[in-house]
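Nothing in this text is a laboratory measurement; each read-out follows from the coordinates by a stated rule. Everything numeric in this text was worked out from a predicted model, so none of it was measured. Cβ coordinates were reconstructed from backbone atoms using ideal geometry, including for glycine residues, and neighbour counts include every protein chain displayed.
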Amino acid sequence: MSRPQILQMGPYPAWDQEPLEQMFTMHRLFEATDRAAFLAQHGAQVRGIATRGELGADAALIAACPQLEVISVYGVGTDAVDLAAARARGIRVTNTPDVLTEDVADLGVGMALALSRGMIGAEAWVRDGSWAAKGGYPLQRRLSGRRAGILGLGRIGMAVGQRLAAFGMPIAYSGRAPKADAPQGWTFLPDAVSLAQQSDLLVMALSATPETRHIVDARVLEALGADGMLVNISRAANLDEEALLDALEGGRIAGAALDVFEGEPALNPRFLALRNVVLQPHHASGTIETRRAMGQLLRDNLAAHFAGRPLLSEVA
Ligand code: 8YV
């Protein structure tokens, strides 16, 4: 039997690409110079799409593949996949939850520490000779013991909370509803504004849906206040970037650490002029260990689908 044909939306490491090429006929859309011509040539034979969290698969792409059966996402976020269009055609969607949770949480906490302790500026202080020339670095703010707020207590939010609890930080959270599995003593708050009001550090760990667009807006930032810090390890769409930039420039919040940006990998140049930010290139899951596990799960889902076995991590 001929191998299933898969449309590939973005690059993978060689350790994933090689086994994918052995199992399937891969059509690399991201290398095509004429995307429409490439889709016209291969779309009709495509039975699967292998994509990445930020690339997804929109309605037009799904429509260009009339035989499509499965979309496998290398990432936990499925906001860039048109789930309604997939559902309408009975196309199954898989992602890579769990395997990336610890590393995403690690980076979120690392970013919070780097921000509160000024580690990026302090590194520059050492490198440019300021330490020797001017003396010690200006004093920063502590993280331990301050109040943490977690927006979105899913797998990643929970892992962030556990880490911050170990820093002696009281934990509050918000989301659609209180979580039965939230540890004792963690406080549920009904909305982002009241969470921000009770937080020194607000960590965004929620998935992105049309309802959560700009959930962190000018009102939430005002509630966070001039001593408050923001960390975003979720999706840029959840944050009103213009409102954030205004608040950062006006000193109305203390700082922000961001792993995701509107229009990434380009970013608003206003960010680059700021000192009270930590800027990361959307790499919270970017460790060798996690990326290997994500690639394996992406492949295992595709293999299970084409062998008629149950999927390992289907998006509900
Ligand atoms: C990845 C992500 O950076 O899991 C997600 O939703 O955005 C990240 O883990 C991305 O999917 C890799 O392309």
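Summary table below
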read-out: Projected label distance in nm at Ala40 and Asp58, using a 7 Å step from Cα toward the beta-carbon; value: 1.9 nm
read-out: Global form of the range 101-279, assessed from the alpha-carbon gyration tensor, a/c cut-off 1.5; value: prolate
read-out: Among Thr209, Thr51, Thr33: highest mean-square fluctuation, GNM of the chain, C-alpha pairs under 10 Å; value: Thr33
read-out: Of the DSSP H helices in the chain, those whose Cα atoms cover at least 18 Å axially and whose Kyte score averages 0.5 or more; value: 101-116
read-out: Formal net charge of residues neighbouring Asp58 (Cβ-Cβ distance under 15 Å; K, R +1; D, E -1); value: +1
read-out: Cα-based equivalent ellipsoid of the chain: semi-axis lengths in Å, sorted from largest, via gyration tensor; value: 39, 22, 18
read-out: Sites Ala180 and Gln140 - FRET efficiency at Förster radius 41 Å, r taken between beta-carbons, to 0.05; value: 0.65
read-out: Estimated FRET transfer efficiency (Leu113, Glu289; beta-carbon r; R0 25 Å; 0.05); value: 0.75
read-out: Expected-Rg normalisation [2.2 N^0.38 Å, Cα atoms] applied to the range 194-288; value: 1.00
read-out: Potential lengthening between Ala307 and Asp246 on full extension [0.36 nm per residue; Cα-Cα distance subtracted]; value: 16.7 nm
read-out: Exposure proxy order (Cβ contacts within 10 Å, fewest to most) of Trp15, Trp186; value: Trp15, Trp186
read-out: The chain, dipole about Cα centre (Lys/Arg Cβ +1, Asp/Glu Cβ -1), debye to the nearest 20; value: 440 debye
read-out: Theoretical FRET efficiency, 1/(1+(r/R0)^6), r = Cβ-Cβ of Arg3 and Ala316, R0 30 Å, to 0.05; value: 0.55
read-out: Projected-area average for the range 14-122 over all orientations - Cα convex hull basis, square nanometres; value: 9.5 nm²
read-out: Antiparallel bridge percentage (DSSP; both residues within the chain; nearest 5); value: 0 percent
